[in-house]
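*Asks:* One structure, as structure tokens, below. Some questions next.
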Amino acid sequence: QKEVEQDPGPLSVPEGAIVSLNCTYSNSAFQYFMWYRQYSRKGPELLMYTYSSGNKEDGRFTAQVDKSSKYISLFIRDSQPSDSATYLCALRDTGFQKLVFGTGTRLLVSP
Amino acid sequence: EPEVTQTPSHQVTQMGQEVILRCVPISNHLYFYWYRQILGQKVEFLVSFYNNEISEKSEIFDDQFSVERPDGSNFTLKIRSTKLEDSAMYFCASSADDQPQHFGDGTRLSIL
């Protein structure tokens with residue numbers, strides 16, 4: 001079983017749609033959960049950062065962590081063409097520095 | 001907003017040659033990292049660096065790799081004898097204590 005699994009997509013939605021992006025993981029020791037956005041030929045850009053379980057909202061973005069199911073989600077409301085990018089989940093264990101990334105989901109928002 | 005900067009954006013090197021990738025982390029950050037992303041694959045952790053020493057490294061980070069903080073602002077990754085399979089995007093990141101990592105835009109390394 002892979003440590004972090006993420007559907008590579010592409011996920012195509014019309015402008016204004018609600019987007020749901022997800023990752024599952026196998027290591028119950030992960031305590032820090034991040035979502036990064038990566039545009040073509042650019043580095044990962046931090047979107048959301050959550051410690052342990054629960055929800056976090058920032059503008060149009062909501063991150064959810066369900067540790068009992070080992071499942072994390074990123075919701076994007078009122079999606080825009082500028083949201084078209086690859087979305088990476090990244091997880092970290094307490095006591096370690098390394099981030100473990102998912103493969104990334106490519107999102108396409110059409111006008 | 002402060003950002004991590006990396007140079008060069010693209011490096012072309014002959015197989016067997018040494019290459020140095022350079023990074024300027026965010027100024028008040030104390031933790032520094034290198035990751036790589038082979039085309040079409042996941043971003044993979046290479047090494048973390050804190051207080052002038054390696055704090056964590058992956059299996060990928062073997063003896064051909066080294067890191068250095070030569071002065072108060074730069075952080076470098078050296079690959080001693082490059083192989084074709086070293087071709088990848090290399091990302092530098094930095095963070096404050098127990099805070100999320102911020103990434104640069106990467107150096108695309110092409111080994112011929």
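*Asks:* List the relative contact order of segment B:1-87 as a percent without decimals, with contacts defined as Cα pairs under 8 Å and 6+ residues apart.
*Replies:* Result for segment B:1-87 is 32 percent.
*Asks:* Right, another one. Put a dot 7 Å past each Cα toward the Cβ at A:N55 and B:E1; how far apart are the dots in nm?
*Replies:* 2.4
*Asks:* Run the dipole for chain B about the Cα centre, Lys and Arg Cβ at +1, Asp and Glu Cβ at -1, nothing else charged, and hand back the magnitude in debye, nearest 20.
*Replies:* Dipole of chain B, to the nearest 20 debye: 360 debye.
*Asks:* If you take every residue apart from B:D105 with its C-beta less than 9 Å away from the C-beta of B:D105, what net charge results, scoring Lys and Arg +1 and Asp and Glu -1?
*Replies:* +1
*Asks:* Also: Rounded, prolate or oblate: which fits chain A when a ≥ b ≥ c are the square roots of the eigenvalues of the alpha-carbon gyration tensor, with rounded for a/c under 1.5 and prolate only if a/b beats b/c?
*Replies:* Prolate, since a/c reaches 1.5 and a/b exceeds b/c.
*Asks:* Please list the three semi-axes, largest first and in whole Å, of the ellipsoid equivalent to chain B, using sqrt of 5 times the eigenvalues of its alpha carbon gyration tensor.
*Replies:* So the three semi-axes of chain B are 22, 14, 13 Å.
*Asks:* Also, quick follow-up: Using a probe of 1.4 angstrom, how much of the accessible area of chain B is carbon and sulfur, in percent?
*Replies:* The C+S portion of the solvent-accessible surface of chain B is 45 percent.
*Asks:* Please report the antiparallel percentage of the DSSP beta bridges confined to segment A:13-111, to the nearest 5.
*Replies:* DSSP beta bridges in segment A:13-111 are roughly 95 percent antiparallel.
*Asks:* A further question follows. When the dipole is taken about the Cα centre of the protein assembly as shown, and only Lys, Arg (+1) and Asp, Glu (-1) are charged at their Cβ, what size is it in debye, to the nearest 20?
*Replies:* That gives a dipole near 320 debye.
*Asks:* Subtracting the Cα-Cα distance from 0.36 nm times the residue separation, let me have the gained length for A:I18 to A:D78 in nm, one decimal.
*Replies:* Full extension of this stretch gives 21.0 nm more.
*Asks:* Under a 1.4 Å probe, what is the accessible area of chain B per residue, stated in Å²?
*Replies:* For chain B, the solvent-accessible area averages 51 Å² per residue.
*Asks:* Given a Förster radius of 45 Å and the C-beta distance between B:L30 and A:E5 as r, what FRET efficiency does 1/(1 + (r/R0)^6) yield to the nearest 0.05?
*Replies:* The computed FRET efficiency comes out at 0.90.
*Asks:* Which shape class, rounded, prolate or oblate, goes with segment A:38-87 when its Cα gyration tensor gives a ≥ b ≥ c as root eigenvalues, a/c under 1.5 marks rounded, and past that a/b bigger than b/c marks prolate?
*Replies:* In terms of gyration-tensor shape, prolate.
*Asks:* What distance in nm lies between label points placed 7 Å from Cα along the C-beta direction at B:Q41 and B:Q14?
*Replies:* 2.6
*Asks:* Here is a further query. Tell me the total accessible area that A and B bury against each other, 1.4 angstrom probe, in square angstrom rounded to 100.
*Replies:* 1700
*Asks:* Could you tell me which of B:Q6, B:F75, B:H29 has its Cα farthest along the dipole of chain B towards the positive end, charges placed at Cβ (Lys, Arg +1; Asp, Glu -1), taken about the Cα centre?
*Replies:* Farthest towards the positive pole: B:Q6.
*Asks:* Give the lysines reachable from A:K67 as a straight Cα distance under 24 Å; neighbours fewer than 8 places away on the same chain don't count.
*Replies:* Candidates past the 8-residue exclusion: A:K2, A:K56, A:K98, B:K42.
*Asks:* Of all the accessible heavy-atom surface of chain A, with the other protein chains kept in place and a 1.4 Å probe, what percent is carbon and sulfur?
*Replies:* Looking at chain A in its full context, I get 48 percent from C and S.
*Asks:* Express in nm, to one decimal, how much length is gained between B:S73 and B:D98 on full extension, taking 0.36 nm for each residue of separation and deducting their alpha carbon distance.
*Replies:* 7.0 nm
*Asks:* Dividing the Cα radius of gyration by the Kirkwood radius, what Rg/Rh value follows for the protein assembly as shown?
*Replies:* Reported Rg/Rh, Kirkwood definition of Rh: 0.97.
The values are calculated or read from the model by the stated rules, or taken from the named source; none is laboratory data. The structure displayed is predicted, hence computed values, not measured ones. With ideal geometry, Cβ positions are generated from the backbone for all residues, glycine too; neighbour counts draw on all protein chains shown. For accessibility, only protein heavy atoms count, side chains too; no ligands or nucleic acids. Shrake-Rupley method; radii C 1.70, N 1.55, O 1.52, S 1.80 Å.
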